[in-house]
Structure formats: C-alpha cells, structure tokens
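Read the structure below first, then the notes.
The values are calculated or read from the model by the stated rules, or taken from the named source; none is laboratory data. These figures come from a predicted structure and were not determined experimentally. Note that each Cβ is placed from the backbone with ideal geometry, even for glycine, and that neighbours are counted across all protein chains shown.
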Amino acid sequence: MKRRSSQKTSENPLSKPSKKIQEETKESNSDQAWRDLGSVMFCNFSSSPSDKVLGFDMDTTLITTKSGKTFPTNSDDWKILYPKIPEIVQKYSNDGFRIVIFTNQKGIKEGHQDKTGMQGKIKNVVEALGVNALAMAAYGDDEFRKPCTGMWDYFTKNLNGGINVDFSVSKYIGDAAGRPASGSRKKDFNDTDLKYALNIGIPFETPEKFFLGERENIPQPGIDPRNIKKSGAALKGESDNSNIAKSNTEAIIFVGSPGSGKSTFWKNYLSNYTRVNNDTLKSKEKCLKTMRASLQNNKSCVIDNTNPTTIVRAEYIAVAKEFNIPVRCFIFRMPKDMAFHLDTLRRVNKHRNHLSGRVGSMPIHKFYKDFNEPNLKEGFEEIKEVELVGGPFDNADDEKLFYSFVYS
C-alpha cells in the first residue's frame, strides 16, 4: 500500500523495448559471452529457445560444496550434488527442454565473491552437466533477485526468441522451499525458490523429488500477498471510507509495525491532517511540539509513528486533552510476515517513490515484542482497525510487485 507519485523512477532493463534488448544481446548470446546489466548477468551456452523450460536454482540444487561447508571457500569449491544429475538433465535437454539456471549471488555485491570467478564457476558447472544452457545470476538487491521475477521476466521477454513458455510441461527446481528439518536434511534456510515458482506460476519441485524421486510435503508460505484486498473499505466493519476523516478537529494515533502502511494510509485518506512523524521530525519532542501547534490552529493531526505501548501513546493523548480534543486510534494489525513483505517492497520496488525507507527485520521484531493492545480506557474516543487494501499504484510494475512474494 504505497503512495502515488508523479516523480520519474530510474530506468530499469525490464522496461527497455524488447527488440532493442534482443539486438544488444544477440552477439553476446552467440559467442557465449557474459552480459552484465548492473544487477544481473547472464550468458547463453549455446542453448536454443523453446516453449519447454526446465529452470534450476544452482547452489544446493545442482551443486554443493566439496569442502562440506555451507558457503564455498572459493570458486572451485563445488561438486555435482547427486551423481545422477547430469544424466537426468541431459535427458530433458535431449527431449527439447531449454535448461536455464536462475541463481542469486548477492555475495558479489557484498564483496564476498569475485564476479569473474563466479562466471567461470557457472561455465564449469554447465560443462559438468554436459548440456547447452542459459545461466542468469542476480547479484543486486532489486527485482531481479529471487523471489522477485525479474530474471524470469527478462528471460521470457528478451532471451527466448519470442516463444511463449508452456507452463503445463515446464518446471522450476530449487532447494529453498521452507521445509523443516527431516532426518539428515537440515531445515531450509528460507523459501525463496518456492516463492519464485509461485510468483511465476510454474510447477515447483525440490531437487530431492526431481532427482531422487522422494516424496515431499512442501509447506505453503505464511502469508500470500496475492490475496491482499484489491478494493473495498479501508476500515474494518465499514462499508465505505466516509468515516475515516472527520470534520471536527481531532487527533488520530496510528498503531502499527514499521512497514505496515501507516504513512501510505495518511497520504491516501488523511493528507489534509497534519502528519506528525518521527522519521521526518527526528525526535519525540519535535513530534509533541508539532502536534500542539496543529491543535492550537484547530487543525486535525495524525501521529504517524509505530506507537506500540500504552506509555508512548499516553504522551500524545495528554496533549490532546490539553485542548479538549477527541482522540481516535487506528490499528494496523497484520501478521509479522506481511510487515516484512511491505518493508521489503521499499527496497526492491524501484517503480515508485516511497514515503519511508526500508527498516529491516529488527525494528519490526521489536514492535511485536513491545506491543500493548490499545484500550478505550487510555482515553480513546474510538478504536478502529485498518484493512490492508492495495493501491493506488503508479504503474503496472508497481502493482505486480505489490501482489508478488518479495520477502523470504
């Protein structure tokens, strides 16, 4: 739930005309040269476009470390995960499937691994598989990084010869499926690959199922952004939005985790109220001063902070009482994973300007740890629960990301 903005966003490779991109990449595709777009790089190792695609994650799906360590010690610290992998992949390749590797390699951006070394490693992996393949590696922190679909979108738009993918036969294979520990297998570190497949709409399998034939019970993600409301009243129990703003002077105290959509709600429905926000004012004292100034001028105000505890809220309620002004409380109640999703959008969604920057997981965890349920006895005239409703959106890409899995 992000604000509409008329300000232009930076150019993204996904937005460039398909024909232009295909012309730019034709030479690099034909001679097995790597092409780098700034946050994703790719190389076509003599594979041909096809409507049948077999996509793979790389680490712990096709390969594992020779050292036995979780992370490779160098670009040569790898081996094929299961001995039968090359034979199986070759069979699919011979049956007309295009083999495509989609791998996250954020360590390049963080300086933990060398870009040239990674390119050489991927080339060696493809050679060990004994197939022609296309490889894409996302090393940025944007919509190319799985579970966002930037790599897949770029591939289907620019690198598959204009051929539509047949989802009835194509598959994506990855190890990050959010599975609990089982036997000798450790708990999955996240569920990035599962969410990537769900975003794309492609059938998903783990390497254990695909290569070994093991039965799997894949857990579903805790929250599904595809199910966020697309329209309707923004306050629970209301038929429309006519009761959000009042004609009389009042104060509204927001209560919600970082990333829960508070500032967007103010922008969409209460922009004629003074916004009292610690991120912009930088201190509680300035927030209280701004609130007083607003009420002195008979102008309603919104306390657009997390306000998790009774003690924090009491200071703002006391100021309202000085002016005999009624106070309402709006709670932005949501699962913690939804707050993580909305916060992550601030980082990966470059198709709009955000009112606030990404805060990360720690402040969100702290909010839920400190949270005290608001009560009318605190001095509230009314307590209303906010419904998460998508939009308004700046463009189609903005909307697509909002309803996609972006956090894992």
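A compact table of results
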| read-out | value |
| --- | --- |
| Residue match in region 332-351 (condition: over 17 Å from the mean Cα position of the chain (by Cα) and not β-branched (V, I, T)) | yes |
| Members of region 126-147 found to be of a type in the set (G, A, S) and out of contact with any Ser or Thr (no Cβ under 7 Å at 6 or more places or on another chain), listed by number | A128, G130, A135 |
| Matching residues, region 359-408, being under 30 Å from D153 (Cα atoms), touching a Ser or Thr at 6+ places or on another chain (Cβ under 6 Å) and among the aliphatic types (A, V, I, L, M) | V406 |
| Some residue of region 277-290 being surrounded by fewer than 16 Cβ atoms within 10 Å (Cβ to Cβ), more than 21 Å from E387 (Cα to Cα) and in contact with a Cys (Cβ under 8 Å, 6 or more places away or on another chain) | yes |
| Residue match in region 141-155 (condition: at pLDDT 95 or above and over 27 Å from K400 (Cβ atoms)) | no |
| Which numbered condition S168 misses (of (1) touching an Asp or Glu at 6+ places or on another chain (Cβ under 9 Å); (2) modelled with pLDDT of 95 or more) | (1) |
| Filtered residue count, region 366-404, keeping only those that are within 26 Å of N324 (Cβ to Cβ), in a helix (DSSP H, G or I) and either in contact with a His (Cβ under 9 Å, 6 or more places away or on another chain) or of a type in the set (D, E) (or both) | 1 |
| Subset of region 219-266 that is in a helix (DSSP H, G or I) and surrounded by fewer than 19 Cβ atoms within 10 Å (Cβ to Cβ) - its residue that is nearest to the chain's Cα centre (by Cα) | R226 |
